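See below for the structure under consideration.
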Amino acid sequence: MSVGEDLARIRINTGISVIVPTYREAENIPHLLVELDRLRREYDVTLEVLFMDDDSRDGSVEAVAASGCDWARIIVRTGDRGLSRAVIDGFRAARHPVLICMDCDLSHPVDAIPQMILGLASGQQFAIGSRYVPGGSTDDDWGLFRWLNSVVATLLARPLTKVRDPMSGFFALRKADFDAAQGLNPVGYKIALELIVKCRMENVGEVPIEFSDRRFGESKLTLKEQLKYIQHLRRLYLFRFANAMYLLQFLAVGATGAVVNLAVLSGLQLAGLAAWICLAGGIGVSLVTNFLLNRRFTFSYARRGHAGRQFLGFLGASLVGLTVNYAVALGLSHKVLTGAYGLQVSAMIGIAAGMVFNFLGNRYIVFRKRYIRD
Ligand code: GDD
């Protein structure tokens, strides 16, 4: 049975909503509608197209009206702009049980849509147009910089998903799965990655596509958008590997604390102050910077909490950590590690034990999760 016959079979109870985020795409809209109309007629499929436009004011509204396609609408958004947000709003407004997201600039081949829908019909949860599976490719006009950019971005996402091209903005999923998704909070461009990770999509099909460079207009992928990707990745890593990420950030802040401690201590020493003042100054300042960095970054979800109370809690957790450190090191060096370098090894184990207690105290008591919004 051909793809066309299969699609015709599943069409009976499947309408398709194609969501197209747009910003200044007036020139491309008519061309995309011609392509989608061809698909509509070829497969006799029930289709709606929603252009989710961020108030482009470039004739996009007029272009949709002039197309005469009563199955296409444009929704002009004025608040909460951005590609991913536009797509989410489009998915919410969609009327059909199958959702497709694609770019407006004809870089995504309409002809891959039937295969994506067949993938869903055969049980896949998510189908994505992929440049990095056999048969997929990227336009030769992509410069080295953009290619490298895409490869690095994809590699950074690899621990989050096995999907080979999660950067793609061309994908299909069921409306029911989207409606059930919770806590979607993407920043920037990578809405497919957000859905795959947050909805814990396991059964993802990748349909090879030839990604062609846009014919009209220009890409809106600015450096600012690329920096947002780092922010987005951090959120997704926190979602997927929460405790490992918190611990890693906590340790990184601890390392900056050691540097601050030494710098302050050396400065005070240069100023000719007594050794106990230099030591106390180093410890005091590094405690404060560690607290501020942990509150701002490591446990940023809790930064609306009462700072004074949190600082006291932070000091308390540090004290518990130090006590555990001392007790473990002392106990081990007295009773267990009595040979050569026993004291040093005991001290290191004590430091590790103290740090774990310190971390747990901060994570679950001082900066507990009641403030979380993401
Ligand atoms: N509503 C809205 N708001 N739409 C936007 C915005 C925005 O802020 N920024 C971009 N878009 C629309 C564009 O008009 C286009 O239809 C689509 O989103 C993709 O934007 P481009 O600027 O053309 O993206 P690109 O070609 O650089 O990136 C492509 O490649 C990526 C993979 O490397 C897109 O296909 C991405 O979806 C894909 O992830």
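How about the range 166-185: which of its residues are out of contact with any Leu (no Cβ under 8 Å at 6 or more places or on another chain) and part of a loop (DSSP other than H, G, I, E, B)?
Answer for the range 166-185, where residues must be out of contact with any Leu (no Cβ under 8 Å at 6 or more places or on another chain) and part of a loop (DSSP other than H, G, I, E, B): 168, 170, 182, 183, 185.
Given the criteria open to solvent by 30 Å² or more (accessible area, probe 1.4 Å), free of Cβ contacts under 8 Å to residues at least 40 places away in the same chain, closer than 20 Å to residue 241 by Cβ and among the aliphatic types (A, V, I, L, M), does residue 155 qualify?
On the way: open to solvent by 30 Å² or more (accessible area, probe 1.4 Å): yes; free of Cβ contacts under 8 Å to residues at least 40 places away in the same chain: yes; closer than 20 Å to residue 241 by Cβ: yes; among the aliphatic types (A, V, I, L, M): yes.
Yes, satisfied.
Residue 247 - would you say it is in contact with a Lys or Arg (Cβ under 9 Å, 6 or more places away or on another chain) and within 16 Å of the ligand (Cβ to nearest atom)? Even if it seems obvious, please write down each step before you answer.
Values: in contact with a Lys or Arg (Cβ under 9 Å, 6 or more places away or on another chain): yes; within 16 Å of the ligand (Cβ to nearest atom): no.
It is false that residue 247 is in contact with a Lys or Arg (Cβ under 9 Å, 6 or more places away or on another chain) and within 16 Å of the ligand (Cβ to nearest atom).
Step by step: first the residues of the range 169-193, then only those that are in contact with a Gly (Cβ under 9 Å, 6 or more places away or on another chain) and open to solvent by less than 10 Å² (accessible area, probe 1.4 Å), then the one that is farthest from the ligand (Cβ to nearest atom). Which residue is that? It would help to see each step written out before you state the result.
First pass over the range 169-193, keeping only residues in contact with a Gly (Cβ under 9 Å, 6 or more places away or on another chain): 169-172, 186-192.
Now narrow it down to the ones that are open to solvent by less than 10 Å² (accessible area, probe 1.4 Å): 170-172, 186, 191-192.
On the way: 170: 6, 171: 9, 172: 14, 186: 12, 191: 8, 192: 7 Å.
By that ranking, first place goes to 172.
Limited to the range 332-355, what total is found for residues that are in a helix (DSSP H, G or I) and in contact with a helix residue (DSSP H, G or I) (Cβ under 8 Å, 6 or more places away or on another chain)?
14
For the range 130-152, name all the residues that are surrounded by 16 or more Cβ atoms within 10 Å (Cβ to Cβ) and more than 13 Å from the ligand (Cβ to nearest atom).
133
Exactly one of (1) open to solvent by 50 Å² or more (accessible area, probe 1.4 Å); (2) more than 22 Å from residue 131 (Cα to Cα); (3) away from the ligand (no atom under 16 Å from the Cβ); (4) not charged (D, E, K, R) is unmet by residue 227. Its number?
Against the list (1) open to solvent by 50 Å² or more (accessible area, probe 1.4 Å); (2) more than 22 Å from residue 131 (Cα to Cα); (3) away from the ligand (no atom under 16 Å from the Cβ); (4) not charged (D, E, K, R), residue 227 comes up short only on (3).
Where residues in the range 194-212 are charged (D, E, K, R) and free of Cβ contacts under 8 Å to residues at least 60 places away in the same chain, which of them is least open to solvent (accessible area, probe 1.4 Å)?
To start, the set of residues in the range 194-212 that are charged (D, E, K, R) comprises 194, 198, 200, 202, 206, 210.
Now drop any that are not free of Cβ contacts under 8 Å to residues at least 60 places away in the same chain, which leaves 198, 200.
Values: 198: 29, 200: 126 Å².
Residue satisfying both the conditions and the ranking: 198.
Restricting to the range 320-369, and then to whatever is in contact (Cβ under 8 Å) with a residue 60 or more places away in the chain and open to solvent by 60 Å² or more (accessible area, probe 1.4 Å), can you tell me which residue is nearest to residue 307 (Cα to Cα)?
So, considering only residues that are in contact (Cβ under 8 Å) with a residue 60 or more places away in the chain and open to solvent by 60 Å² or more (accessible area, probe 1.4 Å), the one nearest to residue 307 (Cα to Cα) is 368.
Would you mind finding the one in 242, 307, 317 that is open to solvent by less than 50 Å² (accessible area, probe 1.4 Å), at pLDDT below 90 and either polar (S, T, N, Q) or within 24 Å of residue 357 (Cα to Cα) (or both)? First the steps, then the outcome.
Numbers: 307 fails: at pLDDT below 90; 317 fails: at pLDDT below 90.
On inspection, the qualifying residue turns out to be 242.
Pick from the range 75-102 the residues that are part of a strand (DSSP E or B) and surrounded by 21 or more Cβ atoms within 10 Å (Cβ to Cβ): which of them is farthest from the ligand (Cβ to nearest atom)?
Start the filter on the range 75-102 by keeping residues that are part of a strand (DSSP E or B), which leaves 75-76, 98-101.
Checking which are surrounded by 21 or more Cβ atoms within 10 Å (Cβ to Cβ) leaves us with 98-101.
Details: 98: 19, 99: 15, 100: 13, 101: 8 Å.
Per the criteria, the residue is 98.
May I ask you to list the residues in the range 285-304 that are exposed (fewer than 13 other Cβ atoms within 10 Å of the Cβ) and in a helix (DSSP H, G or I)? Show your work before the answer.
From the range 285-304, those exposed (fewer than 13 other Cβ atoms within 10 Å of the Cβ) are 296, 304; that's our starting set.
Correct list: 296 only.
If the Cβ limit is 9 Å and pairs must be 6+ apart or interchain, which residue in the range 165-193 that is at positive phi pairs with which residue that is within 8 Å of the ligand (Cβ to nearest atom) and not β-branched (Val, Ile, Thr)?
188/82; 188/83; 188/225
What are the pairs with Cβ atoms under 9 angstrom where one residue, in the range 254-266, is charged (D, E, K, R) and the other, located anywhere, is surrounded by 12 or more Cβ atoms within 10 Å (Cβ to Cβ) and in a helix (DSSP H, G or I)? Sequence gap at least six, or different chains.
Partner pairs satisfying both residue conditions: none exist.
Just checking, how many residues over the range 322-368 are among the charged types (D, E, K, R) and at pLDDT 85 or above? First the steps, then the outcome.
Just the residues of the range 322-368 that are among the charged types (D, E, K, R), to begin with: 335, 363, 368.
After this cut, where a residue has to be at pLDDT 85 or above as well, the list is 363, 368.
So the answer is 2.
Since residue 106 meets every condition but one in (1) modelled with pLDDT under 95; (2) more than 11 Å from the ligand (Cβ to nearest atom); (3) within 28 Å of residue 133 (Cα to Cα); (4) open to solvent by 10 Å² or more (accessible area, probe 1.4 Å), which condition does it not meet?
Unmet for residue 106, out of (1) modelled with pLDDT under 95; (2) more than 11 Å from the ligand (Cβ to nearest atom); (3) within 28 Å of residue 133 (Cα to Cα); (4) open to solvent by 10 Å² or more (accessible area, probe 1.4 Å): (2).
Please go through the range 11-34 and give me each residue that is within 16 Å of the ligand (Cβ to nearest atom), in contact (Cβ under 8 Å) with a residue 60 or more places away in the chain and surrounded by fewer than 17 Cβ atoms within 10 Å (Cβ to Cβ), ordered by number.
Answer for the range 11-34, where residues must be within 16 Å of the ligand (Cβ to nearest atom), in contact (Cβ under 8 Å) with a residue 60 or more places away in the chain and surrounded by fewer than 17 Cβ atoms within 10 Å (Cβ to Cβ): just 31.
Which of the residues belonging to the range 193-220 are within 21 Å of the chain's Cα centre (by Cα), charged (D, E, K, R) and part of a strand (DSSP E or B)? Before the answer, list the steps.
Of the residues in the range 193-220, the ones within 21 Å of the chain's Cα centre (by Cα) are 193-206, 219-220.
From the residues that got through so far, the ones that are charged (D, E, K, R) too are 194, 198, 200, 202, 206, 220.
206 - this is the single residue of the range 193-220 that is within 21 Å of the chain's Cα centre (by Cα), charged (D, E, K, R) and part of a strand (DSSP E or B).
The values are calculated or read from the model by the stated rules, or taken from the named source; none is laboratory data. Please read all numbers here as calculations on a predicted model, not as lab measurements. All Cβ positions, even for glycine, are placed from backbone atoms using ideal geometry, and neighbour counts span all protein chains on display. Accessible surface areas use protein heavy atoms only, side chains included; no ligands, DNA or RNA. Shrake-Rupley method; radii C 1.70, N 1.55, O 1.52, S 1.80 Å.
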